[in-house]
Amino acid sequence: MALLDAVTAAAVSMSDLANDLILSMGYFGIFAASFIGSASVLLPLPSFVLVSALGAVMNPWLVGLSAGFGSALGEMTGYAVGWGGGKLIERKYKDWIKKYSGWFKHKRMFLLVFIFAATPLPDDIVGILCGIFKYDARKFLLASILGKCVLNIVLAFAGFYGAHWIAAALEGGL
């Protein structure tokens with residue numbers, strides 16, 4: 001168990017802010033750290049290690065859900081950038097936007113947002129495009145929440161099972 005604690009402490013201390021948030025606020029700290037990590041458009045701060053490490057020592061379901069909701073709400077910044085910056089982009093790419101706006105509004109965008117949110121694919125770009133094309137913000141947020149929760153629950157359980165497996169292997173228990 002000492003090895004598990006050391007691995008967790010190293011992962012959690014990757015950022016003083018994340019460390020302070022989590023130690024002082026528990027699951028809300030995970031939510032806040034994930035929100036901050038996802039709110040930085042195009043330069044995301046990786047929370048994968050954090051979620052995996054905390055899944056090993058906290059309830060992985062709650063770690064995954066907290067991180068998922070925080071990450072999804074953070075992704076709204078990319079959507080907002082697209083929504084607000086859309087006017088600037090519209091001037092330059094007016095024909096392209098007119099051509100593809102129908103597809104973005106009506107064709108399987110929910111599924112695309114979900115897939116990008118549930119995988120390590122660059123979902124900031126999808127969020128910006130959804131904002132530019134004025135895709136329904138509620139649908140974007142719901143697809144992001146579902147996808148980010150799936151991703152983070154998987155990561156938390158990977159930490160939960162992986163840390164115990166690694167500790168057992170190192171202690172000769174395999």
Test result for residue 115, surrounded by fewer than 22 Cβ atoms within 10 Å (Cβ to Cβ) and part of a helix (DSSP H, G or I): yes
Among the residues of the range 28-48, are any at pLDDT below 75, in contact with a helix residue (DSSP H, G or I) (Cβ under 9 Å, 6 or more places away or on another chain) and more than 28 Å from residue 146 (Cβ to Cβ)? no
So, in the range 118-138, exactly how many residues are modelled with pLDDT under 90, among the β-branched types (Val, Ile, Thr) and surrounded by fewer than 22 Cβ atoms within 10 Å (Cβ to Cβ)? 1
Can you find even one residue in the range 83-104 that is in contact (Cβ under 8 Å) with a residue 60 or more places away in the chain, in a helix (DSSP H, G or I) and of a type in the set (D, E, K, R)? no
Residue identified as aliphatic (A, V, I, L, M), surrounded by fewer than 24 Cβ atoms within 10 Å (Cβ to Cβ) and under 26 Å from residue 163 (Cβ atoms) among 63, 51, 150: 150
Taking residue 61 as meeting all but one of (1) part of a helix (DSSP H, G or I); (2) closer than 16 Å to residue 143 by Cα; (3) touching a residue at least 40 places away in the same chain (Cβ under 8 Å); (4) not small (Gly, Ala, Ser), write down the number of the exception. (2)
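The values are calculated or read from the model by the stated rules, or taken from the named source; none is laboratory data. This one's a predicted model, so the numbers in the text were calculated from it and none came from an experiment. Glycine gets a Cβ as well: all are built from the backbone with ideal geometry, and neighbour counts include every protein chain shown.
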